[in-house]
Amino acid sequence: MKYYTEYLTFNTKERRELIKITDEVNKVVKSSGVREGLCLVSSMHLTASVIVQDDEEGLHRDIWEWLERLAPYRENYLHHRTGEDNGDAHLKNLLTHLQVVLPVTEGRLDLGPWQEIFYAEFDGKRKKRVVVKVIGL
Amino acid sequence: MKYYTEYLTFNTKERRELIKITDEVNKVVKSSGVREGLCLVSSMHLTASVIVQDDEEGLHRDIWEWLERLAPYRENYLHHRTGEDNGDAHLKNLLTHLQVVLPVTEGRLDLGPWQEIFYAEFDGKRKKRVVVKVIGL
Amino acid sequence: MKYYTEYLTFNTKERRELIKITDEVNKVVKSSGVREGLCLVSSMHLTASVIVQDDEEGLHRDIWEWLERLAPYRENYLHHRTGEDNGDAHLKNLLTHLQVVLPVTEGRLDLGPWQEIFYAEFDGKRKKRVVVKVIGL
């Protein structure tokens, strides 16, 4: 069994961003030397997620509108008594789930035809990390 | 370490369906020869999910009503400018998460007493796939 | 390759509770002897989840309010025709996802600085279980 761990770092210009990371994750898979196994891609923060979706700009705007409807920015979250103002970002993380686990087959991510991996930042403009861990043969 | 990959294919009659796949996934686990490990069951499409829930018809109707309330069908999603009409299916996928990872113990899926695996189709009537990947000893 | 499985048992006093289990899961990782691998922490019930969030009380109250807004308790879920009254708990489980997969690095859970693991009980006051399965080297 082989294993390999790498950390991707982000520091977005905008507070909320979707960043395609499929190529970066495929590079990690290549570096791992794993031909068959599983690849975990997981946010190390509570206000960002990793999702799999389509790379289509209209859809991305629909997703942001939807996230804002279901987990809206508000001033009066109780969490804000700590001095933070990112209560909505915690809820958006819960809604979208922090992580994905991807199959590695014949040395590559085994994704469907339209599946792209995105880092979903809900409270950016600061350094944050995603852990990528590959295990297999 | 052993690994084994199989693809389940679906082509639903209805646009939206819940299809129980616990037996199919257990067959894949058996074929894998893995006695102890992890089994990833993941949609290869952006408009379908794999979930674990109870096989109870009333609950399934509650789930569909709930999904429609939180991620409703609408004509005016921006994604529809591409010619698609499945914006709601993308949001339903995000809401329910595309995948589950199941423990394999003593050669079988290690599920709770009421846990069944379902393929949740949000935009069917065409050929779609789920990847099942088992790794372990 | 090594593997190790343990079951955590809960029997909450309240119907709804968030219980921090990071230390318990780290103990399982230690018992496994795995230095590098993956750790699945998954609810074996359909009315509880395992999530990763911040250990901050105000945030927890925000999360409960949010869960109740998106997946409210109601008397008239169709699932209740079976005699149950926990339809909302099934929906809260779907919303938060039943499980997390965590990286194990150098013999410990490889979590971000504020990440804690919680058992989220949506229909407690009875014995329920979480499976923790570690595989790796």
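The values are calculated or read from the model by the stated rules, or taken from the named source; none is laboratory data. Here the structure is a predicted model, which means the values were calculated and not measured. Glycine gets a Cβ as well: all are built from the backbone with ideal geometry, and neighbour counts include every protein chain shown. For the accessible areas, the whole protein counts, side chains as well, though only heavy atoms, and no ligand, DNA or RNA atoms are used. Shrake-Rupley method; radii C 1.70, N 1.55, O 1.52, S 1.80 Å.
For the Cα atoms of chain C, what angle does the longest principal axis make with the long axis of helix C:87-96, in degrees from 0 to 90, nearest 10?
With both axes taken from Cα atoms, the answer is about 40 degrees.
Mind listing the label-point distances from A:Ser31 to the same position on all other copies, shortest first, one decimal in nm, points 7 Å along Cα→Cβ?
Nearest first, the other copies' label points are 3.4, 3.4 nm away.
Could you work out what % of the accessible surface of the protein assembly as shown is carbon and sulfur, using a 1.4 angstrom probe and leaving DNA, RNA and ligands out of the count?
44
Can you pull the one-decimal nm distance between simple spin-label points at C:Arg74 and C:Asp55, each 7 Å off the Cα toward Cβ?
A separation of 3.7 nm, rounded to one decimal place.
Ratio of alpha-carbon Rg to the 2.2 N^0.38 Å globular estimate for chain B, to two decimals, please.
Chain B yields a ratio of 1.11.
Can you run phi through the Karplus equation (6.51, -1.76, 1.60; θ = phi - 60°) for region C:3-15 and list ³J(HN,Hα) in whole Hz, with x for Gly and Pro?
Residue by residue, region C:3-15 yields 9, 7, 10, 9, 10, 8, 10, 10, 8, 6, 6, 9, 5 Hz.
For chain B, what relative contact order do you get, as a whole percent, if you take Cα pairs closer than 8 Å and at least 6 residues apart?
Answer for chain B is 54 percent.
Per residue of chain A, what 222 nm ellipticity follows from adding -39500 (n - 2.57) for every DSSP H run with n ≥ 4, rounded to the nearest 500?
Only helices count here, giving -8000 deg cm²/dmol.
Run the numbers on region B:101-137: which residues show a drop of 30 Å² or more in accessible area, chain on its own versus all protein chains together, using a 1.4 Å probe over heavy atoms?
B:Val101, B:Pro103, B:Asp110, B:Gln115, B:Lys133, B:Ile135, B:Leu137
Need one number: nm distance between label points at A:Asn11 and C:Lys127, each 7 Å from Cα along Cα→Cβ, rounded to one decimal.
Those two pseudo-labels are separated by 5.3 nm.
Interface A/C, total buried accessible area with a 1.4 Å probe, nearest 100 Å²?
2900
For a distance above 33 Å, tell me the whole-number percent of Cα pairs in the protein assembly as shown that qualify.
25
Excluding residues on the same chain fewer than 8 positions from A:Lys20, give the lysines whose Cα lies under 28 Å from its Cα.
Filter leaves A:Lys2, A:Lys30, A:Lys92, A:Lys125, A:Lys127, A:Lys128, A:Lys133, B:Lys92, B:Lys127, B:Lys128, B:Lys133.
GluC sites (Glu not before Pro), restricted to region B:74-137: which are DSSP loop and have at most 14 other Cβ atoms within 10 Å?
B:Glu75, B:Glu106
With angles folded into 0 to 90 degrees, how steeply does helix A:22-32 sit against the dominant principal axis of chain A? Use alpha carbons for both and round to 10.
The two axes meet at around 40 degrees.
How large is the accessible surface per residue of chain B, computed with a 1.4 Å probe and reported in Å² as a whole number?
40
First measure r as the distance between the Cβ atoms of A:Thr82 and A:Lys30, then evaluate 1/(1 + (r/R0)^6) with R0 = 35 Å and state the FRET efficiency to the nearest 0.05.
0.25
Cut-off 10 angstrom, C-alpha nodes, Gaussian network model of chain C. Which of C:Ile19, C:Ile51, C:Ile117 fluctuates the most?
Largest GNM mean-square fluctuation: C:Ile19.
Picking from B:His80, B:His45, B:His90, which is most flexible by a Gaussian network model of chain B using Cα springs under 10 Å?
Of the options given, B:His80 has the highest mean-square fluctuation.
Can you pull out the trypsin sites (Lys or Arg not before Pro) in region C:51-108 that DSSP calls coil and that have at most 16 other Cβ atoms within 10 Å?
Within region C:51-108, the qualifying trypsin sites (Lys or Arg not before Pro) (loop, at most 16 other Cβ atoms within 10 Å) are C:Arg74.
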